[in-house]
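*Asks:* The structure under discussion is supplied below as structure tokens; questions concerning it will follow.
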Protein chains: 2
Amino acid sequence: MSATRTAPRELLSPGSIAIVGASDDATKTAGRPLRFLRAGGYGGRVYPVARRDTVMGERAYPSLAALPERPDHAFVLLPTGGAMEAVAECARLGIPAVTVLAGGFSETGPEGAAREAALRTLLAGTATRLLGPNSIGLANLHRGMVLTANAAFAEPDLPRGGLFVASQSGSMIGAILSRGRQRGLGFGGLVSVGAEVDLEIGAILASTLDDPEITAYLLFLETMRGADALRGFALGAAARGRPVIAYKLGRSPEAAELAESHTGALAGEDDVADAFLRDLGIARVDTLEGLLEAPALLRRLPIRARGARPPSVGVVTTTGGGAAMVVDGLGVRGVSVQAPSEETRARLAAAGIEGGHGRILDLTLAGTRPEVMGPALRTLLAAPEFDLVVAVAGSSSRFQPELAVQPVVEAAGDAAHLAAFCVPEAPQALTMLAEAGVPAFRTPEACADAIAAAFARREPRADDAPAPALPGPGRMLDEAEAYALLAGLGVPAAPHAAMEASAAGRSPLPFPYPVVVKVLHRDILHKTDLGGVALGIGSDAALAEAASRIVASVAAHRPELGAGRVLVQAMARPVGEVLLGFRRDPQVGPVILLAAGGVLTEILRDRCVRLAPVDEAGAREMIAEVRGLRALEGYRGRPRGDMAALAAAIAALSRLAARPDVLECEINPLMVLEEGRGVLAVDAVLRVAGEAG
Amino acid sequence: MSATRTAPRELLSPGSIAIVGASDDATKTAGRPLRFLRAGGYGGRVYPVARRDTVMGERAYPSLAALPERPDHAFVLLPTGGAMEAVAECARLGIPAVTVLAGGFSETGPEGAAREAALRTLLAGTATRLLGPNSIGLANLHRGMVLTANAAFAEPDLPRGGLFVASQSGSMIGAILSRGRQRGLGFGGLVSVGAEVDLEIGAILASTLDDPEITAYLLFLETMRGADALRGFALGAAARGRPVIAYKLGRSPEAAELAESHTGALAGEDDVADAFLRDLGIARVDTLEGLLEAPALLRRLPIRARGARPPSVGVVTTTGGGAAMVVDGLGVRGVSVQAPSEETRARLAAAGIEGGHGRILDLTLAGTRPEVMGPALRTLLAAPEFDLVVAVAGSSSRFQPELAVQPVVEAAGDAAHLAAFCVPEAPQALTMLAEAGVPAFRTPEACADAIAAAFARREPRADDAPAPALPGPGRMLDEAEAYALLAGLGVPAAPHAAMEASAAGRSPLPFPYPVVVKVLHRDILHKTDLGGVALGIGSDAALAEAASRIVASVAAHRPELGAGRVLVQAMARPVGEVLLGFRRDPQVGPVILLAAGGVLTEILRDRCVRLAPVDEAGAREMIAEVRGLRALEGYRGRPRGDMAALAAAIAALSRLAARPDVLECEINPLMVLEEGRGVLAVDAVLRVAGEAG
């Protein structure tokens, strides 16, 4: 993680702009920025730099040095080679902000990576900060500063408002602007962050925190870069109550690979990024519509406290089938729609409202009247059991919004935990709802996506900043050393004794037979492959024999190790086993990982990742998210595992985040014994900082 | 499964209509049908039946009997009680089609179920066929017959076209109509099928197969009803090359529960419904947008043959980030975007096209020109490796469709396997694409959803009609009898011998020790719970002891069974195990189920269901869909299981579909041995038709 650079004021609010490589042809990419600045009514000074006297009728200048003033911001539209020279010129002249359109850097291979390194060198120690390269530009709509080559900005009266967009894909700023306009959204600024060689997305976003016109942030991410800067920004946004919503590519392996080839950055593991975003209070959506429609919901719905009970959503509708689409979408995203409580049902009955006995309050076609919908909605909104109430309006919302939509509008004043979905195409109803401030969704998928993303957020913690790991490749501990370190954290191991193989079975063990015997050497990770493990040893004689067989087998495979020691360990009888891991992700820092044991959960990727450290409440949430661990919770009459001890072990291992000397650790398996009997590590790999062994 | 009733011509094409319970108030539910019929320009005769002289200025009649003619179709808008009387009157008068709006039948509980039974009795043996109850009506737009109380039909010039909609949710016909209009789609007919007490959705759909104006079908399903009728319809639609697209609720357990409470029908298991739909060539989409946007794609993309290689999708784009949304969406749905082949890359290079070395052909901003996009697209379309080529156009598509969209339009004439996604809001581009017949998508999610649904379809088989099971609760076979029946099918069991417990260990076994001993009795399913199993028996003496212990334990728990026999079985050393099941689903008929063994895959629901029978190619597809089975395919250096023998066993068990005497069978586990060594059942439960034992 690199030191965060601050985005200069001149990036988004320049008083003067140079367009280097401006084209005279308004339809060409390099013709667009000047055209858009003029169409946008930008009030500052604009200087085209080109090899001609005029550009689109405006005076042009032969070079940056020839300008009548040092511009605040230079947008460089030249191809890669010329762009490098222009950046060097910007740095020489002390131009505060430069944006580079050209690609041809580390996304293209080793040669491009060398060019990128040269670019960094050009900028080092200068007053010039760079947006890009590979940035299609940026816009500050409140100042008419439409400094971009993105073709979707080619229209007058771009929609101004409180949304701020930062995107790792240049095309997406145009897509979000145009799709947002169609939904009546307004934007304060939009930035294509490009390759983030100098200014990282977090730094750019952070520079807007003091802009009072910004109300919410939309992020389009292809990969995780600049975690520190992003963390600082997210804390600032949370402190100001501004929601941050991210669409991040990479749910599928194909997209992760694509992000790498497209951006030149390592994509990292998607669930690590997921943990990072949610831990910073950033809502991650899975649909493009959800990205656009979530802000209205998130501006009203507070981030839930850590350790709060699972969220509860109530649904009232005039159409069971339409509402079921939302319920289904929420269900597959792990958010459960709950039936009204007995008390709430009694209150509904007292108001003369029948809504069936099911999970949703279905007023049916016959209840499509304000005198039914109104009291029903108000009763649900007043009920203590719901964190959110969703009103789903049927076909009447298209031409008769007075029937089932007007009551939603009227209820909006009293309750922030209200959202709406209109099943038909219903533009008039959506306008009414938007004007009343009710988050309203156009598709059941966006509705479910935004709600699930809102509830997945966690209050960001100011103490999350991780201790940076000590440098160097590090070295492995052997299994006995690893257990000792883990014991210090509070993670117990099964009783064990380390000894020379020649001593095994010659003196009494401090624990009863049967035992397992394993070769003990810090450089042997896959003991079984070398014949280095014997299970179910029941006597001193068998132990001596097994120990000698093991060292012989290991010596035959890896004579150079001189491995002569073994670890003898009591055998546990667990209810089940888990994999518990800690590591330092190069992008987001220390993370803790929990998975059900065994090869199947590895294949099925049934695991949960969180930023470390987590407390026991966080650990319990992790346990709940690994579906396979239900097998340990008394599933179908099986004995229940000691889940409290498991949560304690997860929290304990996650405290390695504060130990910069520990680089990574994997306990596989950690045996979960019956309730009240604890957990026991029976294998562990641990790498600490320092010289390679 | 009941006998299929045929929908009368008068349902969708009546010459005269009676509206029973028509309201004089045009804004009321019961006022809508007359208003809509008049607005739609329906050319037939319309008779309001109401207790007043006129309805909306038209002459009204006091009863159906008082009409000047027997109407072809009566739409009954009365509440439940009155509706029952009106249906009785329709039946008496021989009115061919009657549609009932009222609810209050089996969705409301036992009293409603009794009412529903009475309704069936009313209709039995008459010439009257019923749509509903709980139907909001139907429309035949080509005849202006807008016979519905759905408020979304309240507009002139409803969009006519080739789509036919059938929905189990009444509200959704309005939602699909209005959302489709907004997308430029046109409709032939829309039917709210209601509770399908008489006419089932399949029969209604089948009645349109000879209508030449219908080009595709959209189904909105809450539950599976009338599988026979649906099967007949689907075969007819496939024979005519008309795609059928279904949105079915029930991916989440919450929605399945909701469908039951909403419709009164058992929802059944969602993956069984999924198997049914795909086996009939019906494309199941997961998004509402996908339902609307899939027809254009499916009309061009043929159903893939059974056993074809996995589909291959190529992507060409001017925006890597925008295209990655589609790639990601396809990836999570199991459809992999493939890089162009070496040959194709060579052809691209020869045409001067650079597109990176990644999975997609990314022309970048610099390639946003027809002279690049055109040849690139034509080269991919000509490449033999792609079943579909998706063109993803960036921001230029909003205002400069001539750059990257016009080349797509021009390529459309030559290739049916082409689709497009515009990343920004781009109405002009979408219109151009629609006019050229190119399936174009508005969201990356709908794009991925429709493509995945298209490729998941299977050619429907005319021989799918299952042998109906023999009636009765049936009786269990004991384990030895089950093995004998399975052996006849070609599913081998581990070597075993059945004997009296008192004889166990007294004579040599026909297979070597160690063995497992199990109590043998047809009425004991959970042997372990009764102490009825002993593993790892290594000698005659141990066998005699174990057998006697087992019968003693079982006798202590269940003395009434008089269980005195045991099954002795050789122990297998498998690579892994699976669960293989066959049963007769009450809705869709015989199905075969494959899951990885063990409690984890049960919790994770990692399983695959298909309609039975399947051939070995189908069985191999099933194996590929159970993710956990990758552990048997040489995962991380493990030995490879005998997957060919597994496929043969799946196909063999599925042939039980043709054995009406077998009701269900579960082999759990079926041991998968090393490659070349086959598979072995080591436990089996089998229920056959006949008297309960």
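*Asks:* Scan (1) out of contact with any helix residue (DSSP H, G or I) (no Cβ under 9 Å at 6 or more places or on another chain); (2) open to solvent by 30 Å² or more (accessible area, probe 1.4 Å) for the single condition A:SER502 breaks and write down its number.
*Replies:* Tallying (1) out of contact with any helix residue (DSSP H, G or I) (no Cβ under 9 Å at 6 or more places or on another chain); (2) open to solvent by 30 Å² or more (accessible area, probe 1.4 Å), A:SER502 fails exactly one: (1).
*Asks:* Report, by residue number, each residue of the range B:623-643 that is within 16 Å of B:GLU577 (Cβ to Cβ) and part of a helix (DSSP H, G or I).
*Replies:* B:ILE623, B:ARG627, B:GLY628, B:LEU629, B:ARG630, B:ALA631, B:LEU632, B:TYR635, B:MET643, listed by residue number.
*Asks:* While we're looking at this one, here's another question. Considering only the range B:166-196, state which residues are surrounded by fewer than 24 Cβ atoms within 10 Å (Cβ to Cβ) and of a type in the set (A, V, I, L, M).
*Replies:* Selection gives B:LEU185 alone.
*Asks:* Condition first: more than 9 Å from chain B (Cβ to nearest Cβ), over 28 Å from B:THR443 (Cα atoms), part of a loop (DSSP other than H, G, I, E, B) and of a type in the set (A, V, I, L, M, F, W, C). Can you find one or more residues in the range A:426-446 that meet it?
*Replies:* no
Here's the yes/no breakdown for (1) closer than 18 Å to B:ASP211 by Cα; (2) over 27 Å from the mean Cα position of the chain (by Cα); (3) part of a loop (DSSP other than H, G, I, E, B):
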site: B:LEU138; (1), (2), (3): yes, no, no
site: B:HIS142; (1), (2), (3): yes, yes, no
site: B:ALA152; (1), (2), (3): no, yes, no
site: B:ASP157; (1), (2), (3): no, yes, yes
site: B:GLY161; (1), (2), (3): yes, no, no
site: B:PHE164; (1), (2), (3): yes, no, no
site: B:ILE176; (1), (2), (3): no, no, no
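*Asks:* If B:GLY374 satisfies every condition in (1) in a loop (DSSP other than H, G, I, E, B); (2) in contact with a helix residue (DSSP H, G or I) (Cβ under 6 Å, 6 or more places away or on another chain); (3) free of Cβ contacts under 8 Å to residues at least 40 places away in the same chain but one, which is the exception?
*Replies:* Unmet for B:GLY374, out of (1) in a loop (DSSP other than H, G, I, E, B); (2) in contact with a helix residue (DSSP H, G or I) (Cβ under 6 Å, 6 or more places away or on another chain); (3) free of Cβ contacts under 8 Å to residues at least 40 places away in the same chain: (1).
*Asks:* Still on this structure, I have one more. Could you tell me which of the residues B:ALA351, B:ALA391, B:ALA324, B:ALA376 is surrounded by fewer than 18 Cβ atoms within 10 Å (Cβ to Cβ) and hydrophobic (A, V, I, L, M, F, W, C)?
*Replies:* Unique residue meeting the criteria: B:ALA351.
*Asks:* Further, regarding this structure: For A:GLY356, which of the numbered conditions (1) at the interface with chain B (Cβ under 9 Å from one of its Cβ atoms); (2) more than 18 Å from B:ILE136 (Cβ to Cβ); (3) outside any helix (DSSP H, G or I) fails to hold?
*Replies:* Going through the list (1) at the interface with chain B (Cβ under 9 Å from one of its Cβ atoms); (2) more than 18 Å from B:ILE136 (Cβ to Cβ); (3) outside any helix (DSSP H, G or I), A:GLY356 breaks only (2).
*Asks:* Suppose we filter the range B:218-257 for residues that are outside any loop (DSSP other than H, G, I, E, B), of a type in the set (A, V, I, L, M) and open to solvent by less than 10 Å² (accessible area, probe 1.4 Å); how many remain?
*Replies:* 12
*Asks:* So for the range B:335-348 (the condition being in a loop (DSSP other than H, G, I, E, B), open to solvent by 10 Å² or more (accessible area, probe 1.4 Å) and out of contact with any strand residue (DSSP E or B) (no Cβ under 9 Å at 6 or more places or on another chain)), does at least one residue qualify?
*Replies:* There is at least one residue in the range B:335-348 that is in a loop (DSSP other than H, G, I, E, B), open to solvent by 10 Å² or more (accessible area, probe 1.4 Å) and out of contact with any strand residue (DSSP E or B) (no Cβ under 9 Å at 6 or more places or on another chain).
*Asks:* Also: Could you go through the range A:25-40 and let me know if any residue there is open to solvent by 20 Å² or more (accessible area, probe 1.4 Å), β-branched (Val, Ile, Thr) and closer than 25 Å to B:ARG369 by Cα.
*Replies:* For the range A:25-40, residues open to solvent by 20 Å² or more (accessible area, probe 1.4 Å), β-branched (Val, Ile, Thr) and closer than 25 Å to B:ARG369 by Cα: present.
*Asks:* A further question follows. Could you grab me the full set of residues in the range B:135-158 that are open to solvent by 10 Å² or more (accessible area, probe 1.4 Å), more than 9 Å from chain A (Cβ to nearest Cβ) and closer than 18 Å to B:LEU219 by Cα?
*Replies:* The answer is B:ASN140, and nothing else.
*Asks:* Could you tell me which residue of the range A:41-58 is surrounded by the fewest Cβ atoms within 10 Å (Cβ to Cβ), considering only residues that are among the small types (Gly, Ala, Ser) and on the phi > 0 side of the Ramachandran plot?
*Replies:* A:GLY57
*Asks:* What are the residues in the range B:199-217 that are surrounded by 20 or more Cβ atoms within 10 Å (Cβ to Cβ) and among the hydrophobic types (A, V, I, L, M, F, W, C), if any?
*Replies:* Scanning the range B:199-217 gives B:LEU199, B:ILE201, B:ALA203, B:ILE204, B:LEU205, B:ALA206, B:ILE214, B:ALA216.
*Asks:* Do we have any residue at all in the range B:287-299 that's part of a loop (DSSP other than H, G, I, E, B) and not polar (S, T, N, Q)?
*Replies:* There is no residue in the range B:287-299 that is part of a loop (DSSP other than H, G, I, E, B) and not polar (S, T, N, Q).
*Asks:* Can you tell me which residues in the range A:264-280 are open to solvent by 10 Å² or more (accessible area, probe 1.4 Å) and more than 14 Å from chain B (Cβ to nearest Cβ)?
*Replies:* A:LEU266, A:GLY268, A:GLU269, A:ARG278, listed by residue number.
*Asks:* A further question follows. Out of all the residues in the range A:159-198, which are basic (Lys, Arg) and either within 8 Å of chain B (Cβ to nearest Cβ) or touching a Cys at 6+ places or on another chain (Cβ under 6 Å) (or both)?
*Replies:* Matches in the range A:159-198: A:ARG179, A:ARG181.
*Asks:* On the basis of being touching a Leu at 6+ places or on another chain (Cβ under 9 Å), in a loop (DSSP other than H, G, I, E, B) and within 27 Å of A:LEU209 (Cβ to Cβ), does A:PRO33 make the cut?
*Replies:* No, not satisfied.
*Asks:* Related question: Taking the range A:644-693 as the region of interest, how many residues are in a loop (DSSP other than H, G, I, E, B) and either more than 15 Å from A:PHE582 (Cα to Cα) or open to solvent by 60 Å² or more (accessible area, probe 1.4 Å) (or both)?
*Replies:* Summing the residues that are in a loop (DSSP other than H, G, I, E, B) and either more than 15 Å from A:PHE582 (Cα to Cα) or open to solvent by 60 Å² or more (accessible area, probe 1.4 Å) (or both) in the range A:644-693 gives 11.
*Asks:* Please state which of the following conditions A:GLY437 fails to meet, knowing it meets all the rest: (1) buried (at least 24 other Cβ atoms within 10 Å of the Cβ); (2) touching a residue at least 60 places away in the same chain (Cβ under 8 Å).
*Replies:* It is condition (1) that A:GLY437 fails.
*Asks:* Quick check: is even one residue across the range B:399-408 more than 36 Å from the chain's Cα centre (by Cα), part of a helix (DSSP H, G or I), farther than 25 Å from B:GLN182 by Cα and more than 14 Å from every other protein chain (Cβ to nearest Cβ)?
*Replies:* yes
*Asks:* Condition first: of a type outside the set (Ser, Thr, Tyr) and loosely packed, with under 15 Cβ neighbours inside 10 Å. Now tell me which residues in the range B:516-548 satisfy that.
*Replies:* B:ASP523, B:LEU525, B:HIS526, B:ASP529, B:LEU535, B:GLY536, B:GLY538, B:ALA541
The values are calculated or read from the model by the stated rules, or taken from the named source; none is laboratory data. Everything numeric here is computed off the predicted structure, so don't read it as measured data. Please note: Cβ atoms are built from the backbone with ideal geometry, for glycine as well, and neighbour counts cover all protein chains shown. Note: areas computed on protein heavy atoms with side chains; ligands, DNA, RNA excluded. Shrake-Rupley method; radii C 1.70, N 1.55, O 1.52, S 1.80 Å.
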